[in-house]
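The values are calculated or read from the model by the stated rules, or taken from the named source; none is laboratory data. Only a predicted model underlies this, so the values are computations on that prediction, with no experimental measurement involved. For neighbour counting, all protein chains shown are included, and Cβ atoms are generated from backbone atoms with ideal geometry for every residue, glycine included.
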Amino acid sequence: MADERRNNRSGQSGRPAQGGKGRPAAKKAAPSGRKPASRDGKPSYRDRDDKPGAKKAAPGRGPKPYASRGRDADGVDRRGQSGWKQRSEREPEAERTADQKAYDGPDLPEFITGKELDRGVAAQLKGLPEKLAARVGRHLAAAQHFLEVDNAEIAYQHALAAKSRAQRLAIVREAVGEAAYYAGHFDVALAELRAAKRMNGATAYLPMMADCHRALGHPEQALKLAQSPSVKNFAASQKAEMTIIEAEARADMGQIDAALRTLELAPLMSKSREGWVVRLRYVYADILEKAGKTEDALTWFHRTLAIDAEEATDAGERASALESKRA
């Protein structure tokens, strides 16, 4: 899921800009003091007095039989008398804490049922109680939906809501990390993707983690991840993403020539029109311009534009700007 989303973002930079063209944009444990509900949403069975073998409350103890109906212990209706307040007149409930709001999450759209999830994702929720799994699944599906419509912040809030209920599931931590990444919360994204990697050993998160390091101002850490042995086993698209991040990290460190050499070892002339080829060419053109090689940069912006059918980059605008300078 993370890899496909990353493949759809713009190639202008290894890190997604918030609101940029073509760039896209899980719950904590229940807050302390909050009593977990039973599976059917009613009070826990162990707290009921009518469970098999339970002793009846002694006379004079337990709830007042008329208290909830506006009457006192003698059965006298006190409503309308001095000091009585209707429910609507009583003090408003205290505002929910940040943790409680995160647990609640945003409202779930009615059209999100949870059935939208990939079978592999749904399978990882089967270890949860049925109703809990359904709720977590809907928040994960909502996070996925809002990422697809470029509303990464709302996607992030839904992922946090899932984490509050199922933080020990790797797929939930991955969802939080991915949504945080596209919402620009790079510190959170890095922490959550690290947690997911510890849980399931997956290496698919490495490009995103490396890009988080770049965004946080640690290009040397991005280079370390780019040189991980597992990168050799990546698919072509993943290798391209890591190559882009490595080149941009070197450029961040002022190693422009090394950045160009890194990209020149990649399949820049691939006949594929997939997004990863578009991004490779775009970043190569961008760094050529930084190196002062204007004519070469113009050539590669045009080569990018030739296969960028979805206009995921601003290669056309960059080329026009260089041509106007040349004129």
### Message
List pairs: first residue in region 239-260 and outside the structural domain of ALA297 (by TED's automatic domain parsing) and closer than 14 Å to HIS213 by Cα, second residue assigned to a helix (DSSP H, G or I) and acidic (Asp, Glu) anywhere in the structure, Cβ distance under 7 angstrom, at least six positions apart or on different chains.
### Response
ILE245/ASP211
### Query
Do we find that GLY292 is on the phi > 0 side of the Ramachandran plot, assigned by TED's automatic domain parsing to the domain that holds ALA215, in a loop (DSSP other than H, G, I, E, B) and surrounded by fewer than 15 Cβ atoms within 10 Å (Cβ to Cβ) in this structure?
no
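Residue by residue, here is whether (1) within 30 Å of ALA180 (Cβ to Cβ); (2) of a type in the set (Lys, Arg); (3) more than 47 Å from the chain's Cα centre (by Cα); (4) at pLDDT below 75 holds:
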residue: PRO59; (1), (2), (3), (4): no, no, yes, yes
residue: GLY80; (1), (2), (3), (4): no, no, yes, yes
residue: TRP84; (1), (2), (3), (4): no, no, yes, yes
residue: PRO92; (1), (2), (3), (4): no, no, no, yes
residue: ASP104; (1), (2), (3), (4): yes, no, no, no
residue: PHE111; (1), (2), (3), (4): yes, no, no, no
residue: LEU117; (1), (2), (3), (4): yes, no, no, no
residue: LEU128; (1), (2), (3), (4): yes, no, no, no
residue: LEU147; (1), (2), (3), (4): yes, no, no, no
### Query
Which condition number in (1) within 29 Å of HIS185 (Cβ to Cβ); (2) crowded, with 23+ Cβ neighbours inside 10 Å; (3) not hydroxyl-bearing (Ser, Thr, Tyr) is the one that ASP314 fails?
(2)
### Query
So which residues in region 193-224 are in contact with a Pro (Cβ under 8 Å, 6 or more places away or on another chain) and within 19 Å of ALA266 (Cβ to Cβ)?
none
### Query
Is it the case that region 161-182 has a residue that's touching a Pro at 6+ places or on another chain (Cβ under 6 Å) and either outside the structural domain of MET209 (by TED's automatic domain parsing) or within 18 Å of ILE112 (Cα to Cα) (or both)?
yes
### Query
Filter region 301-327 for residues that are more than 21 Å from TRP276 (Cβ to Cβ) and hydroxyl-bearing (Ser, Thr, Tyr); which is modelled with the highest pLDDT?
SER320
### Task
Within region 300-311, work out how many residues are crowded, with 19+ Cβ neighbours inside 10 Å and in a loop (DSSP other than H, G, I, E, B).
1
### Query
Looking at GLN255, is it under 28 Å from the mean Cα position of the chain (by Cα) and either loosely packed, with under 14 Cβ neighbours inside 10 Å or closer than 30 Å to LEU190 by Cα (or both)?
no
### Message
Can you go through VAL136, VAL121, VAL172 and tell me which one is within 23 Å of PRO207 (Cβ to Cβ), buried (at least 24 other Cβ atoms within 10 Å of the Cβ) and among the β-branched types (Val, Ile, Thr)?
### Response
VAL172
### Query
Mind checking whether some residue in region 195-204 is closer than 19 Å to TRP276 by Cα and at pLDDT below 95?
yes
